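The values are calculated or read from the model by the stated rules, or taken from the named source; none is laboratory data. As the structure is a prediction and not an experimental result, all values here were calculated from the model. Here Cβ is always computed from backbone atoms with ideal geometry, including for glycine, and neighbour counts include all displayed protein chains.
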């Protein structure tokens with residue numbers, strides 16, 4: 001009894017596994033990289049907004065005058081975002097609300113709100129025109145003005 005080989009001699013395999021692997025890898029890799037880039041941009045803006053709200057509240061509540069408080073608050077917000085590589089106009093993203101009038105009344109609360117829209121990365125213009133392409137990020141902080149003043 002002789003055994004025959006299940007592979008017919010003369011037929012060679014083409015070796016397209018490498019091409020299939022590359023195609024499948026690219027189809028999976030590109031969306032994963034895009035998701036990572038998107039999450040990184042949103043997370044960076046979240047950290048920046050939280051930092052800006054916290055530090056602006058501290059600076060605002062400890063300022064000597066209303067004018068100095070507003071000036072330093074805008075600088076602190078700009079600095080917090082620039083530390084994360086985000087270019088914003090501080091006066092557009094920062095909102096300060098005071099519990100007391102005047103704002104720096106000892107014992108009064110200062111509410112800081114930072115709102116910024118994060119653009120999704122690498123989107124072409126025709127997509128930007130028709131689809132929502134940003135994520136809203138916000139942060140809040142409340143600081144109490146020192147009762148004894150500085």
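Looking at the range 30-46, which of its residues are over 8 Å from the mean Cα position of the chain (by Cα) and surrounded by 11 or more Cβ atoms within 10 Å (Cβ to Cβ)?
Taking the range 30-46 and keeping what is over 8 Å from the mean Cα position of the chain (by Cα), we get 30-38.
Once the filter is applied, which keeps residues that are over 8 Å from the mean Cα position of the chain (by Cα) and surrounded by 11 or more Cβ atoms within 10 Å (Cβ to Cβ), the range 30-46 yields 33, 34, 37, 38.
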Residue check, residue 49 surrounded by fewer than 20 Cβ atoms within 10 Å (Cβ to Cβ), at pLDDT 95 or above and under 18 Å from the mean Cα position of the chain (by Cα): no
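Of everything in the range 59-74 that's touching a strand residue (DSSP E or B) at 6+ places or on another chain (Cβ under 9 Å) and in a helix (DSSP H, G or I), which residue is nearest to residue 106 (Cα to Cα)? Even if it seems obvious, please write down each step before you answer.
From the range 59-74, those touching a strand residue (DSSP E or B) at 6+ places or on another chain (Cβ under 9 Å) are 59-62, 69-70, 73-74; that's our starting set.
Among the residues that remain, those that are also in a helix (DSSP H, G or I) are: 59-61, 69-70, 73-74.
Values: 59: 14, 60: 12, 61: 9, 69: 14, 70: 17, 73: 18, 74: 22 Å.
So, considering only residues that are touching a strand residue (DSSP E or B) at 6+ places or on another chain (Cβ under 9 Å) and in a helix (DSSP H, G or I), the one nearest to residue 106 (Cα to Cα) is 61.
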Exclusive hit being within 22 Å of residue 43 (Cβ to Cβ), without any contact (Cβ under 8 Å) to a residue 40 or more places away in the chain and either surrounded by 11 or more Cβ atoms within 10 Å (Cβ to Cβ) or out of contact with any strand residue (DSSP E or B) (no Cβ under 7 Å at 6 or more places or on another chain) (or both), set 56, 101, 77, 97: 77
Residue in the range 24-36 that is modelled with pLDDT under 95 and assigned to a loop (DSSP other than H, G, I, E, B) present: no
Only one of 129, 64 that is without any contact (Cβ under 8 Å) to a residue 40 or more places away in the chain and surrounded by fewer than 18 Cβ atoms within 10 Å (Cβ to Cβ): 129
Hits in the range 88-136 - residues which are under 13 Å from residue 52 (Cα atoms) and in a loop (DSSP other than H, G, I, E, B): 88, 89
